[in-house]
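*Asks:* Take this structure, written in structure tokens, and hold onto it; I'll ask about it next.
Throughout, read-outs are computed from the coordinates displayed, never taken from laboratory work. From a predicted model like this one, the values you see are computed outputs, not experimental measurements. When we count neighbours, we look across all protein chains shown, and the Cβ atoms used for this are built from the backbone with ideal geometry, even at glycine.
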Amino acid sequence: MPVVLLAMLMLVQPAIVLYDRTVMEAAASEGCRVMETLAPGDEDAARAAIERRLDAVPDAPIFHVGSWTVELSGGEGQERASVRIEHALKPLPLIGAGMGFLGLTGPGGLFIQDVYRQTEVLDSWVVESRLGADAGAWIERWEEKA
């Protein structure tokens, strides 16, 4: 019985880390999509979308400790939009000891998880086309065809 319990414990922690990472990646991807349409300096809407996604992570130490670190850059009119999200979690006792022995935990025995997403705001086919990224040129061309 102790071996079965230890095996289950060893499967629970990676599942928690994977769940957190999946939620963080989805939040970062959604943040990048929102950033693509926002003017630079107007990151509040993207931050709100990211925080809504991150609410799916339970506020329990084995899932999440402290506050989320969310860094946003880029936006409409720029080449790229990027989002970086970082947080910490407290590993389960036996797993935490093993992670500490391997050097995977930081101060206070916390495991730090980090996700970074970056997207191109304008697709290469748009930028490389004859009309380029000028929306007015595309509208004029469309009106010529109509």
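*Asks:* Per DSSP H run of n ≥ 4, the term is -39500 (n - 2.57); total these for the chain, divide by its residue number, and report the mean residue ellipticity at 222 nm rounded to 500 deg cm²/dmol.
*Replies:* -15500 deg cm²/dmol
*Asks:* Rounded to the nearest 10 degrees, what's the angle between the helix 44-54 long axis and the longest principal axis of the chain, both from Cα atoms, 0 to 90?
*Replies:* Orientation of helix 44-54: about 30 degrees from the principal axis.
*Asks:* Tell me the angle of helix 135-145 to the major Cα principal axis of the chain, expressed in degrees between 0 and 90 and rounded to the nearest ten.
*Replies:* 50 degrees
*Asks:* Something else: Mind checking region 67-146 for chymotrypsin sites (Phe, Trp or Tyr not before Pro) that DSSP puts in a loop (not H, G, I, E or B) and that have at most 16 other Cβ atoms within 10 Å? Can you show the working numbers first?
*Replies:* On the way: sites: Trp68, Phe101, Phe111, Tyr116, Trp125, Trp138, Trp142; in loops: none.
Hits after loop and neighbour filter: nothing returned.
*Asks:* Right, another one. Points 7 angstrom from Cα along the Cβ direction at Gln118 and Phe101: gap in nanometres?
*Replies:* Reported label-point gap for Gln118 and Phe101 is 3.8 nm.
*Asks:* Given a Förster radius of 35 Å and the C-beta distance between Met8 and Val126 as r, what FRET efficiency does 1/(1 + (r/R0)^6) yield to the nearest 0.05?
*Replies:* The computed FRET efficiency comes out at 0.10.
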